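Let me begin by presenting the structure, written as structure tokens, before commenting on it.
The values are calculated or read from the model by the stated rules, or taken from the named source; none is laboratory data. Not measured: the values here are computed from a predicted model. Reconstructed Cβ throughout: ideal geometry from the backbone, glycine too, with neighbour counts over all protein chains shown.
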Amino acid sequence: MRATNLHVHLTFLEVIYKLSYMLDVRRLRLLRELHARGTVTAVAEALAYSPSAVSQQLATLERETGVRLVERHGRRLRLTDAGRGLVEHTEVVIARLELAEAELAATAGEDVAGRVRIAAFQTAASSLVLPLLGALPAQHPRLRLELAEMEAEEAFELLVRGEVDIVVAEEYDYAPRQRDPSLSFRDVCRDPLVLVLPADHPLCAADPETVPLAALRDEAWAAPRSGTAFDDSLVRACRALGGFEPDRRHRSNDLAVLEQLVAAGEAVALMPSLGRPGRVPGVAVRRVAEAPLDRSIFLAVRRGSTGRPALKAVSRALRDQARALGLPGTSTGSDPV
């Protein structure tokens, strides 16, 4: 069995080598980007090429393969069946090359080095990632960290395309995320969700610790923008625990704006503890009485890159920072990073 597995492994590497030798991987990436973005202009803007350079590289790739890979459809280009098939092989080749690089780095005992591009949602970016930007490179001078603050929905697309290396995302108990099988995941911490009410709200005087979610059915809510996992979680929690549909009257993805709306007496809100609610004068923070509510904060990397020492160092540092903030850990996890 071991000999058979080794033979299969070597055969696959030979295929990758031959494909990489015959076809320029950079051109394969351009074809993949065209498939994802739809226009030459979008590919050029994303990768800092000129549109003419993208077109020339794609034309060269067609000559190398000897088949037509793209065709014009109105004012746009779209991939032919052969082009889409080549993109599927490209995904495998790039993933295996990345895996080979990670394994070689780990085997050689390579120091924590290189560029790590981190995409994180707002509160994780400020509370978990930002403290690492100076501290971690100070320990590993050859390490360069780059932070991009963005919602997970956008970040996962960039991660799959290789434009970022780590995504720090959140997942709510009542709104689980789909997990892309090409990615590897690791839990970082749990982040309790709390109710934020005007300080003079009658329910705050009734109990200094908790407030029933069901008692807030007639309140106006300050909520995240629609289409986000946070907004979906709020709706599902109100339905499941309170038996009502929340009146989401005000919208913002900025937690400071949500808290200011509460302080002004315009709404109540459900907020993560990582956002440190309660700093704005005039608000009170309470736990949900019916049941504990929280969210899981996790990180994701491409499966082929899990062995990179730099990614392992960032993963450990993120979990250490969460513990330093007093956030509870998690008892489950997927593939370790």
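Considered as a group, the residues in segment 285-337 that are closer than 21 Å to Glu157 by Cα, touching a Leu at 6+ places or on another chain (Cβ under 7 Å) and of a type in the set (D, E, K, R) include one that is modelled with the highest pLDDT, and that residue is Arg302. Of everything listed in (1) touching a Gly at 6+ places or on another chain (Cβ under 8 Å); (2) in contact (Cβ under 8 Å) with a residue 40 or more places away in the chain, the single unmet condition for Cys204 is (1). Modelled with pLDDT of 90 or more and at positive phi - does that describe any residue in segment 195-212? Within segment 195-212, not a single residue is modelled with pLDDT of 90 or more and at positive phi. If you scan segment 196-210, which residues turn out to be within 20 Å of Asp173 (Cα to Cα) and either surrounded by fewer than 19 Cβ atoms within 10 Å (Cβ to Cβ) or over 32 Å from the mean Cα position of the chain (by Cα) (or both)? Within segment 196-210, just Thr210 meets the criteria.
Could you say whether any residue in segment 301-319 is of a type in the set (Val, Ile, Thr), over 20 Å from Val167 (Cβ atoms), surrounded by 15 or more Cβ atoms within 10 Å (Cβ to Cβ) and out of contact with any Ser or Thr (no Cβ under 9 Å at 6 or more places or on another chain)? The answer is no, given that none of the residues of segment 301-319 is of a type in the set (Val, Ile, Thr), over 20 Å from Val167 (Cβ atoms), surrounded by 15 or more Cβ atoms within 10 Å (Cβ to Cβ) and out of contact with any Ser or Thr (no Cβ under 9 Å at 6 or more places or on another chain).
Among the residues of segment 141-166, the one identified as under 8 Å from the mean Cα position of the chain (by Cα), modelled with pLDDT under 90 and not in a helix (DSSP H, G or I) is Glu151.
Could you pull out the residue among Leu99, Leu30, Leu47 that is at pLDDT 75 or above, hydrophobic (A, V, I, L, M, F, W, C) and surrounded by 14 or more Cβ atoms within 10 Å (Cβ to Cβ)? When all the criteria are applied, what remains is Leu30.
Within the set Arg279, Arg287, Arg236, Arg249, the sole residue that is in a loop (DSSP other than H, G, I, E, B), in the same structural domain as Arg186 (by TED's automatic domain parsing) and surrounded by fewer than 21 Cβ atoms within 10 Å (Cβ to Cβ) turns out to be Arg279. So is Ser296 touching an Asp or Glu at 6+ places or on another chain (Cβ under 9 Å) and outside any helix (DSSP H, G or I) or not? Against the criterion (touching an Asp or Glu at 6+ places or on another chain (Cβ under 9 Å) and outside any helix (DSSP H, G or I)), Ser296 qualifies.
Condition check ((1) touching a residue at least 24 places away in the same chain (Cβ under 8 Å); (2) within 25 Å of Leu159 (Cβ to Cβ); (3) acidic (Asp, Glu); (4) surrounded by 15 or more Cβ atoms within 10 Å (Cβ to Cβ)) across all residues:
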| residue | (1), (2), (3), (4) |
| --- | --- |
| Pro51 | no, no, no, no |
| Ser55 | no, no, no, yes |
| Ala59 | no, no, no, no |
| His73 | no, no, no, no |
| Arg76 | yes, no, no, no |
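Inside segment 111-138, residues that are in a helix (DSSP H, G or I) and either in contact with an Asp or Glu (Cβ under 8 Å, 6 or more places away or on another chain) or within 18 Å of Ala324 (Cα to Cα) (or both) make up a count of 13. Listed conditions (1) under 29 Å from Phe298 (Cβ atoms); (2) without any contact (Cβ under 8 Å) to a residue 60 or more places away in the chain are all met by Glu259, apart from (2).
Scanning for something out of contact with any Lys or Arg (no Cβ under 9 Å at 6 or more places or on another chain) and either hydrophobic (A, V, I, L, M, F, W, C) or assigned to a helix (DSSP H, G or I) (or both), does segment 175-185 turn up at least one residue? No, segment 175-185 contains no residue that is out of contact with any Lys or Arg (no Cβ under 9 Å at 6 or more places or on another chain) and either hydrophobic (A, V, I, L, M, F, W, C) or assigned to a helix (DSSP H, G or I) (or both).
Residue under question is Ser252, and the condition is that it be under 21 Å from Pro198 (Cα atoms), of a type in the set (Ser, Thr, Tyr) and touching a helix residue (DSSP H, G or I) at 6+ places or on another chain (Cβ under 7 Å); does it hold? For Ser252, the condition - under 21 Å from Pro198 (Cα atoms), of a type in the set (Ser, Thr, Tyr) and touching a helix residue (DSSP H, G or I) at 6+ places or on another chain (Cβ under 7 Å) - is met.
Among the criteria (1) more than 22 Å from Ala322 (Cβ to Cβ); (2) surrounded by 20 or more Cβ atoms within 10 Å (Cβ to Cβ); (3) among the β-branched types (Val, Ile, Thr), the one Val160 does not fulfil is (2). Comparison of Ala106, Ala138 shows that the only residue that is modelled with pLDDT under 90, of a type in the set (A, V, I, L, M, F, W, C) and more than 30 Å from Pro224 (Cα to Cα) is Ala106.
Take Ala223 and tell me if it is closer than 30 Å to Val301 by Cα, of a type in the set (A, V, I, L, M) and surrounded by fewer than 17 Cβ atoms within 10 Å (Cβ to Cβ). Spelling it out, it is not the case that Ala223 is closer than 30 Å to Val301 by Cα, of a type in the set (A, V, I, L, M) and surrounded by fewer than 17 Cβ atoms within 10 Å (Cβ to Cβ). Of all the listed residues (Ala214, Ala169), the sole one being assigned to a helix (DSSP H, G or I) and of a type in the set (Gly, Ala, Ser) is Ala214.
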